[in-house]
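So the structure is just underneath, and the comments pick up after that.
No value in this document is a laboratory result; all are computed from the given coordinates. For clarity, every value in this text was computed on a predicted model and none was experimentally measured. All Cβ positions, glycine included, derive from the backbone under ideal geometry; neighbour counts span all protein chains shown.
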Amino acid sequence: MRYNPFVDIETLKRKLTALTPSAEESLEEWPLQAAVVLLLREVGGDVEALLIKRVEDARDPWSGHIALPGGRREPEDRTLWETAVREAREEVGIDLERDGDVLGRLSALSPSNPLLPPIRVTPLVVLVRPDVEVTAGPEVERAFWISLRALKRQGRSDRVEKLVNGEWRVWPAYPSPYGPIWGMTERILTQLLTLWE
């Protein structure tokens with residue numbers, strides 16, 4: 001039987017555990033904190049990730065983007081895990097504490113676009129049952145699963161161009177049926193896919 005790198009969740013968990021976390025910035029340095037959840041499920045010898053398409057909203061700098069469930073840490077959230085649990089429940093109707101198995105976390109990152117808020121985002125990687133029920137919340141136009149094997153095979157074969165401060169900037173993107181996966185979501189998926197190399 002041929003080795004399939006997208007079957008071995010235990011190897012992924014070991015690699016995530018072995019990641020040396022970068023020096024944690026204090027909350028004073030990063031007053032805006034957020035957590036996103038990279039929800040994975042094993043289906044037919046593949047691993048799929050749950051993505052969302054955010055609703056169009058002029059007040060949201062990530063309006064209409066393909067993203068991961070998640071959001072800003074609220075004052076009542078004692079940890080970023082609590083942020084992730086709350087946001088997953090609100091955005092995709094998944095109870096991480098009941099239905100999730102935490103595999104680890106990827107390196108925290110911030111937007112590269114200077115027009116976006118200076119926020120520090122921590123991606124948490126969580127495995128869920130293949131049959132977990134997904135219910136899109138009011139901030140989510142749609143939620144959909146995408147094959148990591150397909151993303152790896154296609155690579156960042158799409159791109160996004162935007163006018164920023166009078167200059168055209170180009171970002172690499174993964175293709176998806178609902179629009180390009182770019183920005184921080186692309187960077188998070190690239191971190192994850194690199195672990196399988």
Have a look at the DSSP beta bridges in the stretch 39-192 and tell me what percent are antiparallel, nearest 5. 95 percent
Taking 7 Å along the Cα-to-C-beta vector as the label spot, tell me the Asp8-Arg98 distance in nanometres, rounded to one decimal. 3.5 nm
Using θ = phi - 60° and the Karplus curve 6.51 cos²θ - 1.76 cosθ + 1.60, what whole-Hz ³J(HN,Hα) does each residue of the stretch 138-149 get, with Gly and Pro shown as x? x, 8, 10, 6, 7, 10, 8, 8, 9, 6, 6, 4
Listed residues Met184, Gly70, Trp168: farthest to the positive end of the dipole of the chain (Cβ charges): Trp168
Estimated D of the stretch 128-197 in µm² per second, where Rh is the Kirkwood radius over Cα pairs and Stokes-Einstein applies at 4 °C, 1.567 mPa s: 93 µm²/s
Between Lys15 and Ala150, what is the spin-label point distance in nm, taking each point 7 Å from the Cα along the Cα→C-beta axis? 2.1 nm
Tell me, what is the percent relative contact order of the chain, built from C-alpha pairs under 8 Å that lie six or more residues apart? 24 percent
For an R0 of 22 angstrom, estimate the FRET efficiency from the Cβ-Cβ distance between Leu163 and Trp196 and round to the nearest 0.05. 0.05
In a GNM of the chain with a 10 Å cut-off on Cα contacts, which of Ile52, Ile119, Ile181 has the highest mean-square fluctuation? Ile119
So which lysines can Lys162 reach, going by Cα to Cα under 24 Å and dropping same-chain residues fewer than 8 places off? Lys53
Report Rg/Rh for the stretch 59-174, rounded to two decimals, where Rg is the Cα radius of gyration and Rh the Kirkwood radius. 0.97
Leaving out same-chain residues fewer than 8 places away, which lysines sit with a Cα under 26 Å from that of Lys13? Lys152
³J(HN,Hα), Karplus 6.51/-1.76/1.60, whole Hz, each residue of the stretch 169-177, x for Gly, Pro: 10, 10, 10, x, 8, 8, x, 8, x
Over 20 Å, how big is the tail of the calculated P(r) for the chain, in percent of all Cα pairs? 56 percent
